[in-house]
Amino acid sequence: MDPISQGAIGAVAPQVVLKPEKIRVAALLGCLAGMAPDLDVFIQSPTDPLLFLEYHRQFTHALVFIPIGAAIVALALHGFVRRRLQFRETYLACLLGYATHGLLDACTSYGTLLLWPFSDYRVAWNNVSVVDPLFTLPLLSLVILAAVRRRRAFAVAGLVWALGYIAFGAVQHQRAEAAGARLAAERGHEPVRLSAKTGFGNLLVWKVVYEHDGRFHVDGIRTGWAVTACPGASAVRLDLGRDFPWLDPDSQQALDVERFRWFSSDYLARDPRLPHRIIDVRYSVVPNTIDPLWGVDLDPGATPSSHIRYFVDRRARAEQTDAYWRLLTGEDCPVRPDAHSGG
């Protein structure tokens, strides 16, 4: 998730455990330790644009690295707090804060290598958006109250809020997936795979993507009191041999496509507007559209050792903001007489 959320959840964990008189310094240590795993974003290469995709949310986020990462943070910070905490207390605060990071990231849809180095499976529970003020602001407020008043009860309330919100996200996720499966059945489709991902900043609007007969179908699902669907677009699944017959399978560009395929869980399609662009259909500003946030560009004239170009476009145009608002309000997802209220 975003750094503020990671810092807040990292701070609340040691606040719950350490003594009230040490709750402020515990929160500070937990906050910094909770954000520390994202220092992996600095693992980059000026010549290999996909290197950071391999290392972000990799070893620094793995379960086995938690004691090591916490020790590094504790050793770096203990000198500043040694008059108030013993080293074992510093390490405990950092351990609790560091441990929250990978688990919270796994609740999003981006994918986190919790099981590294034993598995390269990207764990993504899809319970909460990468940025969600409804999750973060109440939690942050309770963390601050706990620190200001030195009362553990506020920290406990913050932890309960965070866990409750994530649990509610799991319920909403199940409802969205079930609605997506019903929509596919209405079309006479039998999905090879289906996934539901939260919209930006909420647990109300979801993006459902499923694969059927070589195509990805993308729909918006609104999980309010009634679960309603807002049908969207579709795209042909990527086939390198068909879509890019000129691409040398032994070239660096071909190898990079496979790396991007792993990162995107093979939800790849050729961009219908740009013939040399491959997109990740899982993410878009408006959930029921195929308007990619990121992808890669191939170059037919590149040398065999040249890397592909990675692009990111997170800008929300005015028409996209308007379309997203209509989904949130239900204007574009009207309730049908047969709408299901449950999962």
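Before moving on, here are some points about what is shown:
- Across segment 81-90, the number of residues qualifying as closer than 9 Å to LEU29 by Cβ and without any contact (Cβ under 8 Å) to a residue 60 or more places away in the chain comes to 1.
- Residues that are open to solvent by 30 Å² or more (accessible area, probe 1.4 Å) and without any contact (Cβ under 8 Å) to a residue 60 or more places away in the chain were ranked within segment 95-117; the one that is farthest from the chain's Cα centre (by Cα) is PRO117.
- Matching residues, segment 55-93, being open to solvent by less than 60 Å² (accessible area, probe 1.4 Å) and among the charged types (D, E, K, R): ARG57, GLU89
- Residue within segment 267-277 that is in contact (Cβ under 8 Å) with a residue 24 or more places away in the chain, small (Gly, Ala, Ser) and farther than 23 Å from VAL130 by Cα present: yes
- Filter result (closer than 15 Å to ALA235 by Cα and in a loop (DSSP other than H, G, I, E, B)) within segment 265-274: ASP266, TYR267, ASP271, PRO272, ARG273, LEU274
- Picking from residues in segment 195-229 that are in contact with a Lys or Arg (Cβ under 7 Å, 6 or more places away or on another chain) and basic (Lys, Arg), the one that is most open to solvent (accessible area, probe 1.4 Å) is ARG215.
- Residue in segment 83-96 that is touching a helix residue (DSSP H, G or I) at 6+ places or on another chain (Cβ under 6 Å) and β-branched (Val, Ile, Thr) present: yes
- None of LEU183, LEU159, LEU137, LEU145 is in contact (Cβ under 8 Å) with a residue 60 or more places away in the chain and either over 30 Å from PRO20 (Cα atoms) or of a type outside the set (S, T, N, Q) (or both) except LEU159.
- Top-ranked residue of segment 326-335 - restricted to ones that are within 14 Å of LYS207 (Cα to Cα) and at pLDDT 85 or above, ranked as surrounded by the most Cβ atoms within 10 Å (Cβ to Cβ): LEU327
- Checking the stated criteria, VAL192 turns out to be at pLDDT 95 or above, open to solvent by 30 Å² or more (accessible area, probe 1.4 Å) and aliphatic (A, V, I, L, M).
- Candidates in segment 230-252 are the residues that are in contact with a helix residue (DSSP H, G or I) (Cβ under 9 Å, 6 or more places away or on another chain) and open to solvent by 30 Å² or more (accessible area, probe 1.4 Å); of these, the one that is farthest from PRO275 (Cα to Cα) is PRO231.
- Residue within segment 170-177 that is of a type in the set (Lys, Arg), open to solvent by 60 Å² or more (accessible area, probe 1.4 Å) and either closer than 29 Å to SER264 by Cα or in contact (Cβ under 8 Å) with a residue 12 or more places away in the chain (or both) present: no
- Candidates ASP120, ASP132 - the one that is open to solvent by less than 60 Å² (accessible area, probe 1.4 Å) and either of a type in the set (D, E, K, R) or modelled with pLDDT under 95 (or both): ASP132
- Filtered by the rule that a residue be surrounded by 16 or more Cβ atoms within 10 Å (Cβ to Cβ) and within 28 Å of ASP297 (Cα to Cα), segment 27-47 gives ASP38, ASP40.
- Residues (closer than 30 Å to PHE200 by Cα, open to solvent by 20 Å² or more (accessible area, probe 1.4 Å) and outside any helix (DSSP H, G or I)) located in segment 1-26: ASP2
The values are calculated or read from the model by the stated rules, or taken from the named source; none is laboratory data. All values reported here derive from a predicted model rather than from experimental measurement. When we count neighbours, we look across all protein chains shown, and the Cβ atoms used for this are built from the backbone with ideal geometry, even at glycine. Areas reflect the complete protein model, heavy atoms only, side chains present, ligands, DNA and RNA absent. Shrake-Rupley method; radii C 1.70, N 1.55, O 1.52, S 1.80 Å.
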